[in-house]
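Worksheet: the structure to be examined is printed underneath.
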Amino acid sequence: MYRDAAARSDAAVLTINPVFARPGEATALPRFELPEAMMASDTAYQIVHDEAMLDGNSRLNLATFVSTWMDDNAQRLYAEAADKNMIDKDEYPATAAIEDRCWRMLADLWHVRDPDNTIGTSTIGSSEACMLGGLALKRLWQERRRAAGQSTETPNLVLSAGVQVVWEKFCNYWDVEARYVPVTEDHLVLDGHELEQYVDEHTIGVVAILGQTYTGLYEPVQQIAAKLDEIQEATGVDVKIHVDGASGAMVAPFCQPDLTWDFAVDRVNSISTSGHKYGLVYPGVGWVVWRDRAACPESLIFHVSYLGGDMPTLALNFSRPGAQVLLQYYQFLRLGREGYRAVQQASIDVATYLSSAIAELPPFELVSTGDTIPVFAWKLVPGERNWDLYDLADRLRMRGWLVPAYPMPDALSDLVVQRIVVRMGLSRDLAELLLTAIREEVDFLERLSAPIPRDAPRTNFTH
Ligand SMILES: *Cc1c(COP(=O)(O)O)cnc(C)c1O
């Protein structure tokens, strides 16, 4: 199968335990070339299964926002629906109808004014959903400018320096100038402060993040909108908002129902979310909904045939899995508002419990508490010590816990924070084990870095 294995470096060769290979099958494979011959499906399965086993334990991964658990019936549905292609509305009209129902449920949850006159879609995740929201803003701006006989050169988008990387991609891929409002100690989120210095007649929109990835903090959509009202009054420039609710748009409606952030705010043009984050579905599904049909230019919409009729679609991808959309519908039916509230509130309770316990450890100070989305971060209090949060992340990783440390964006990049994302599955019991691990490792690092007195007995730092 691998003709001159001996000639290859070890790194290029995948060796197979002879126990798994059938008689006559190769026990070495090229790692980076398509194998010449076939192999038994059991052997192939075993190879992929074993390699995938080396991935981390998702239960202990407190870095990701993405769902890592669904119940048995969801697994069953997933297996049944694995072959469905979302784009093929003719072949899978029932899945298409369910997609339609899902985004309409979200439109309703986000207080769209006129449910019969709006548009939305599923996507592969928030990244695609944000791109579509941003593209609609850009196209609206272009069409408005063209109609007024004005230049459509040099569009810009105003956003916090703490945005998720998708917005950097959006600006790069679609030739839009990114105007980052710096993150500072006093303004950790985009809150409208000095917004007039960034917005001008070339601004296609402002991004508000509901649940910043760095800290979990919400950007105050209503306050940003009020500032844009002032700007419009002073300059005549009318700028709309896209809410990047990747996490928060599936938490705030249930756990902070009094917060005004969605289509209730007139300037909100569109809202996106990740079905695979707090929408509680496996990757990858996202959603985007527009305020009304006028908020999403007709020129971005394609019309496909659907049961002999016409189905408007807009997306960057063509083919993509339909199963996740069915799983989203399953969760909507299974959980309802009550279930989503219970699940998210349980995560917020664990997050705030963890953050208050971490706040009690002398080296730490909280940056956020986890009472928005169940995500919080902390930093080291200034002082003499020979270790930092990267060391703590390493120590925790040795015990299986993934708790990343990273610098804050641009102006604050000297500030390193460490973050925990609580998802369904991080129970109070597991949280207790995590706290024990954090306390022990902090203790270890403090003792390790303290000067050892000459006559001190030798200490064995194992647990
Ligand atoms: C995760 C995230 C994204 C990207 O979402 P994907 O679903 O991973 O594509 C965008 N914005 C924010 C605020 C996020 O948290």
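In summary, helices (runs of 4 or more DSSP H) completely within segment 59-169 and bearing 1 or more residues that are closer than 22 Å to residue 248 by Cα occur at 93-109, 126-147. The numbered conditions (1) touching a Phe, Trp or Tyr at 6+ places or on another chain (Cβ under 8 Å); (2) closer than 30 Å to residue 212 by Cα; (3) crowded, with 17+ Cβ neighbours inside 10 Å are all true for residue 109 except (1). Within segment 158-172, the set of residues being more than 14 Å from the ligand (Cβ to nearest atom) and not hydrophobic (A, V, I, L, M, F, W, C) comprises 172 only.
Taking the criterion of being more than 16 Å from the ligand (Cβ to nearest atom) and crowded, with 24+ Cβ neighbours inside 10 Å, would at least one residue in segment 303-310 satisfy it? Within segment 303-310, not a single residue is more than 16 Å from the ligand (Cβ to nearest atom) and crowded, with 24+ Cβ neighbours inside 10 Å.
Selection of segment 153-176 for residues being over 20 Å from the mean Cα position of the chain (by Cα) and over 21 Å from residue 227 (Cα atoms) yields 153, 154, 174, 175, 176. Filtered by the rule that a residue be among the hydrophobic types (A, V, I, L, M, F, W, C) and either within 17 Å of residue 280 (Cβ to Cβ) or exposed (fewer than 11 other Cβ atoms within 10 Å of the Cβ) (or both), segment 63-89 gives 65, 66, 69, 70, 74, 77, 79, 81, 82.
Restricting to segment 317-346, name every residue that is among the polar types (S, T, N, Q), over 16 Å from residue 71 (Cβ atoms) and assigned to a helix (DSSP H, G or I).
Answer for segment 317-346, where residues must be among the polar types (S, T, N, Q), over 16 Å from residue 71 (Cβ atoms) and assigned to a helix (DSSP H, G or I): 344, 345.
Here residue 180 fulfils each of the conditions (1) within 16 Å of the ligand (Cβ to nearest atom); (2) in a helix (DSSP H, G or I) apart from (2).
Only one entry in 342, 351 is surrounded by fewer than 18 Cβ atoms within 10 Å (Cβ to Cβ) and small (Gly, Ala, Ser), namely 342. Of all residues in segment 361-374, one or more are among the hydrophobic types (A, V, I, L, M, F, W, C), within 22 Å of residue 273 (Cβ to Cβ) and either surrounded by fewer than 23 Cβ atoms within 10 Å (Cβ to Cβ) or outside the structural domain of residue 101 (by TED's automatic domain parsing) (or both). Does segment 38-54 contain any residue that is surrounded by 15 or more Cβ atoms within 10 Å (Cβ to Cβ), in a loop (DSSP other than H, G, I, E, B) and outside the structural domain of residue 282 (by TED's automatic domain parsing)? Among the residues of segment 38-54, at least one is surrounded by 15 or more Cβ atoms within 10 Å (Cβ to Cβ), in a loop (DSSP other than H, G, I, E, B) and outside the structural domain of residue 282 (by TED's automatic domain parsing), which makes the answer yes.
Scanning segment 13-27 for residues that are modelled with pLDDT of 75 or more and closer than 15 Å to residue 51 by Cα turns up 13, 14, 15, 16, 17. Residues being touching a Leu at 6+ places or on another chain (Cβ under 9 Å) and surrounded by 15 or more Cβ atoms within 10 Å (Cβ to Cβ): count how many of those fall in segment 311-328. Summing the residues that are touching a Leu at 6+ places or on another chain (Cβ under 9 Å) and surrounded by 15 or more Cβ atoms within 10 Å (Cβ to Cβ) in segment 311-328 gives 6. The criterion of at least 1 residues that are over 30 Å from residue 58 (Cα atoms), of a type in the set (Gly, Ala, Ser) and more than 13 Å from the ligand (Cβ to nearest atom) is met by the following strands (runs of 3 or more DSSP E) wholly inside segment 187-287: 203-209, 268-274.
On the stretch given as segment 124-142, residues that are under 16 Å from residue 209 (Cα atoms) and either without any contact (Cβ under 8 Å) to a residue 12 or more places away in the chain or within 11 Å of the ligand (Cβ to nearest atom) (or both) total 8.
Just one residue in the set 176, 243, 206 is buried (at least 20 other Cβ atoms within 10 Å of the Cβ), farther than 25 Å from residue 107 by Cα and either outside the structural domain of residue 123 (by TED's automatic domain parsing) or not acidic (Asp, Glu) (or both); that residue is 176.
The values are calculated or read from the model by the stated rules, or taken from the named source; none is laboratory data. A quick note: this is a predicted structure, and the numbers were derived from the prediction, not measured. Note that we place each Cβ from the backbone using ideal geometry, even for glycine, and neighbour counts take in every protein chain shown.
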